[in-house]
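I have placed the structure first, in the form of structure tokens, so that the comments after it can refer back to it.
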Amino acid sequence: MKIFWSSALLSRQDVIKALVDPKSALQFNLKQWNDLVIILRHEKLLARFYLLLEYCGSTVRLPPQVKRHCENAKTLAAKQKAVVLSESKQLKRTFQCEDYRLLFLKGAAYTLSNTSASLGRVFSDIDILVPKQTIGGAERKLAIHGWLSKEVDDYDDRYYRQWSHEIPPMQHGTRGTVLDLHHNLVPPVSGKAIDMSKFLAIAGREIDGINVLNEPGLFFHSAVHLFFNDDYSAAFRDMTDLYLLVKDQPESFFVSLFELHEVAGFRKESYIALKLLKIEYDVTLPIWVEEHIENSAVRISQREFALLKIAAGPKHSLLEQGECELHKTLAELRGLFLKMPFHILIFHSCMKLYRTMAKLLLGEHIFTKSSSSN
């Protein structure tokens, strides 16, 4: 295989295709390989790409310097998977005497249920969910077992506990693992909080004593987490999660997914995801699913779809399209408007601006919660 150096930049579609059809990347020249490795590492997808290429039996055709980076990424992903498996056992023991279910979410759930989306998945934290009425007790139990709340200022602490669907992140004092403790899939302040008992009645399952969502439930949550959110920093990784979750699924998967929408809503988020997967990732949807989306009362404007198409794709200065910072910012503003009523959003924005300015003038710890009381 002859590989030459060229100044040709990769397009966003080149990068997406490398995940959908990894063998397509074998035609790249050294400059494009260099760029692809940097872009995929930035998007936390280098291990996933390599494992998909390995599955095709084509890793022997990689340039040696590229293969070395990919092997390192694969090793890191394997170590993180081992951490998730170990932490899940520890958490299961921590909550074994409780009369409620501890549910694992997102990346940890992909790994624990061994779905295709676990392939090469890397993590920044572990997400778990407990019933809202038990979250105080769960936080105290975790503290007894070495999990400490990360330091946040007094306003952010109130924001988490009053308006969010999770409490401030916790970190284990010796192992360093970060834990997000949720009580819902979406912030209650949005007015769209899900009835979790009804949702889990049809979306929950148990695997080897560990509670996770079934595959339609995983897809539902991933779509909601991506398109009903104000953070698009890992959006491309999340889109590839959705791609692997839906790829080659039988029609019963879509029947179950639409049943979840009857219980929990959020049709629009799934419809956006499915349309993007069809257009960008060449996913074949059942005809009735396409008709259902097109004929639905849920409306997705062309501008909104075009914005999310860019924001949920690869973003890097080495791409033809660049970092797409404007699209990312607009998508995140859209997420803020979805998550908060306008009057609360204005109040929250003003408070954050005021407190940021105060910290710049008076020091970072001006609003840090006091560890002692008088």
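The values are calculated or read from the model by the stated rules, or taken from the named source; none is laboratory data. None of these values were measured; they are calculated from a predicted model. Note: ideal-geometry Cβ built from the backbone for every residue, glycine included; neighbour counts use all protein chains shown. Side chains included, ligands, DNA and RNA excluded: accessible areas come from the protein's heavy atoms. Shrake-Rupley method; radii C 1.70, N 1.55, O 1.52, S 1.80 Å.
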In degrees, nearest 10, the alpha-carbon axis of helix 215-227 is tilted away from the dominant principal axis of the alpha carbons of the chain by 80
Here the relative contact order (percent) of the range 120-173, from C-alpha pairs under 8 Å and at least 6 apart, is 32
Which residues qualify? For I194, with a placed amide H closer than 5 Å and at least 5 residues away or on another chain, they are L185, V186
Descending packing, highest mean Cβ count within 10 Å first, for 83-95, 234-246 is 234-246, 83-95
Phi angles of the range 191-203, converted by Karplus (6.51 cos²θ - 1.76 cosθ + 1.60, θ = phi - 60°) into ³J(HN,Hα) in whole Hz with x for Gly and Pro, give x, 10, 4, 8, 6, 5, 5, 5, 4, 6, 4, 10, 10
Filtered hits (aspartates and glutamates, Cα-Cα < 14 Å from K23, offset >= 8 within chain) -> D14, E54
Yeah, the range 10-74 with a ≥ b ≥ c from its alpha-carbon gyration tensor (a/c under 1.5 is rounded, else prolate when a/b outruns b/c, oblate otherwise) is rounded
Taking Cα atoms, the helix 235-246 axis meets the longest principal axis of the chain at an angle in degrees (rounded to 10) of 80
For E323 the rounded accessible area (nearest 10 Å², probe 1.4 Å, non-protein molecules ignored) is 90
If R0 = 22 Å, then L333 and F305, at their Cβ-Cβ distance, give a FRET efficiency to the nearest 0.05 of 0.85
Judged on accessible area alone, 1.4 Å probe, highest first, R68, R12 line up as R68, R12
Sorted by accessible surface (1.4 Å probe, heavy atoms of the protein chains only), largest first, D282, D156 come out as D282, D156
Taking Lys and Arg as +1 and Asp and Glu as -1, residues besides D230 with C-beta under 13 Å from its C-beta add up to +2
From highest to lowest solvent-accessible area (probe 1.4 Å; ligands, DNA and RNA excluded), R41, R299 read R299, R41
Taking Cα atoms, the helix 267-280 axis meets the longest principal axis of the chain at an angle in degrees (rounded to 10) of 20
Residue-normalised 222 nm signal for the chain, counting each DSSP H run of n ≥ 4 as -39,500 (n - 2.57), nearest 500 deg cm²/dmol, is -17500 deg cm²/dmol
Length gained if T284 through Q27 is fully extended, taking 0.36 nm per residue and subtracting the Cα-Cα distance, is 90.0 nm
Note, the range 57-62: 3J(HN,Hα) by Karplus (6.51, -1.76, 1.60, θ = phi - 60°), whole Hz, Gly/Pro = x, goes x, 10, 5, 5, 8, 6
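Students often check this: by mean Cβ neighbours within 10 Å, which of 210-223, 163-176 ranks highest, and how do the rest follow? It would help to have the intermediate numbers written out before the result.
Numbers: 210-223: 23.7, 163-176: 15.6.
Packing order, densest peptide first, comes out as 210-223, 163-176.
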In Å², rounded to a whole number, the accessible area per residue of the range 78-236 with probe 1.4 Å is 42
Percent relative contact order for the chain, counting Cα pairs under 8 Å at least six residues apart, stands at 17
When the chain is treated as a Gaussian network with springs between alpha carbons less than 10 Å apart, the largest mean-square fluctuation among L26, L362, L53 is found at L362
